[in-house]
Amino acid sequence: MLSCKSEKKQPETKTVKKVEVRNSLIYPEEKHFKSLRQVTFGGDNAEAYWSFDDKQLVFQSNYKNWNVSCDQMFLMNADANFKNKIPPMISTGKGRTTCAYFLPDNKHIIYASTHLVDDNCPEVPLRKNGKYIWPVYDSFDIFVADLEGNIVKQLTNEKGYDAEPTVSPKGDKIVFTSTRSGDLELYTMNIDGSDVKQITDELGYDGGAFFSPDGTKIIFRSSRPKTKEEIKAYKDLLAEGLVEPTEMELYICNADGSELRQLTDLGNANWSPFFHPSGKKILFSSNFEAERGFPFNLYLIDIDGKNLERVTHGETFDAFPVFSNDGKKLAFSSNRNNGGGRDTNLFIAEWQDWENRNLKFKMGAKENILRDIHILITKEFTTPEEAFQKFDKDNDGALNKSEIKDLLKAAGVNSFLRGLVANEILKGYDKSGDDTINFEEFKIAIAELNRGYLLTTNNHF
């Protein structure tokens, strides 16, 4: 499947061990997913993008059971799945398409297609000289279509590749990739196709670009050759309409291209970036931890390049993450739950941030945690001092975070919450600022926790 950001499957997928999912599509370490549901059940499905009102998504698929020979665009309601039915196709069914995106009216989409040159699907070369490659078809142009599949406008007509369009959340601009300069660069244009401006100009494939939630920044992935050998190899491939996407990093800039900087320096392929709803983080796919190309997993990183966090924990392929506009849902593509085959399906998760977990502890889970700590201290120990001495395992007169977690474990607090709760205890009661709780602080904490429990539950022992 050719796609905007498509580091699609390499041959190694044939030998990747299937990951067993126990009772859920969510792997145990995937703390950001409150729930997860599978949307498609066969073929290669990717690039699912939300309408501005979050009621629908448009995505591309090459599923032969849906009577297509290569990637075409399909429409779905946000709560739908296609296990036993076929979604409506809203592209022409001719040529190859890629990268559809809703316009602000929720009644039209933009996408790239090769149908003006040939009704048939163009050939998809996957390897050249033993190296994995992407085709960059010079027959791609960008079109506007309604949700009935009727093309109502052509936005580009320059010679060469014009594709990968996405729309600013502000609804005023489109960013896309084009070869009109002789290289694969990023451009912006108004929503009607006017006022086209080039915003990158360094040699390399700049693509898969998205605006920040406020429309002021752009995130994208790029394979930028540096050495003479890399430059020659890149130019030679591009002359044949090909690129090699195995080495890519993320870049960020202002919407006009200014203040461009490299965001990641992880190695391998870092791609399919999308802004977190806060605008302060980027969610992206990467295989930087892999030795042979796979797996690809999703990662979060701050826009200053700090605080890298792994989000998914599969052993095959997770990519194309896209947040809904309200920030509550995440659509992405994955090889999970495909029976060990090669199908890539769409999934939609309910998203929860660490901060929301923290809030949940403070608001929702507080009653249970207070109850458990209260029961432990009052039922298992004669005095708070006895409890303190029990968990002060190094006998230094203070409880460190690890020792507090041991106390919480003894109280039956869920393993997932222990670290969070321990941090809350330290933040609230470590008055000396040494990241420990001494006995005097411990007594205050227990008294307040007990008092809080009694007030919260209105229940007296």
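A compact table of results
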item: Contacts under 7 angstrom Cβ, first residue in region 248-265 being assigned by TED's automatic domain parsing to the domain that holds residue 213 and under 12 Å from residue 209 (Cα atoms), partner in a strand (DSSP E or B) and among the aromatic types (Phe, Trp, Tyr), 6 or more apart; result: 250/284; 251/220; 255/211
item: In region 227-244, the residues that are surrounded by fewer than 16 Cβ atoms within 10 Å (Cβ to Cβ), in a helix (DSSP H, G or I) and not basic (Lys, Arg); result: 229, 231, 233, 236, 239
item: Residue check for residue 83: more than 23 Å from residue 25 (Cβ to Cβ) and surrounded by fewer than 16 Cβ atoms within 10 Å (Cβ to Cβ); result: no
item: Residues located in region 245-261, provided they are in a loop (DSSP other than H, G, I, E, B) and touching a strand residue (DSSP E or B) at 6+ places or on another chain (Cβ under 9 Å); result: 245, 246, 247, 255, 256, 257, 259, 260
item: Near pairs, Cβ below 6 angstrom, 6+ apart or cross-chain, from region 137-154 (within 17 Å of residue 99 (Cβ to Cβ)) to any residue that is aromatic (Phe, Trp, Tyr) and buried (at least 21 other Cβ atoms within 10 Å of the Cβ); result: 138/161; 140/161; 151/143; 154/143
item: Residues (closer than 28 Å to residue 342 by Cα and assigned to a strand (DSSP E or B)) located in region 276-304; result: 282, 283, 284, 285, 286, 296, 297, 298, 299, 300
item: Qualifying residue in region 216-226 (condition: farther than 15 Å from residue 185 by Cα, surrounded by 17 or more Cβ atoms within 10 Å (Cβ to Cβ) and either within 18 Å of the chain's Cα centre (by Cα) or of a type in the set (Val, Ile, Thr) (or both)); result: yes
item: Selection count, region 185-215, where residues are farther than 21 Å from residue 281 by Cβ, surrounded by fewer than 16 Cβ atoms within 10 Å (Cβ to Cβ) and touching a Pro at 6+ places or on another chain (Cβ under 9 Å); result: 0
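The values are calculated or read from the model by the stated rules, or taken from the named source; none is laboratory data. For clarity, every value in this text was computed on a predicted model and none was experimentally measured. Positions of Cβ are generated from backbone atoms using ideal geometry, with glycine treated the same way; all protein chains shown enter the neighbour counts.
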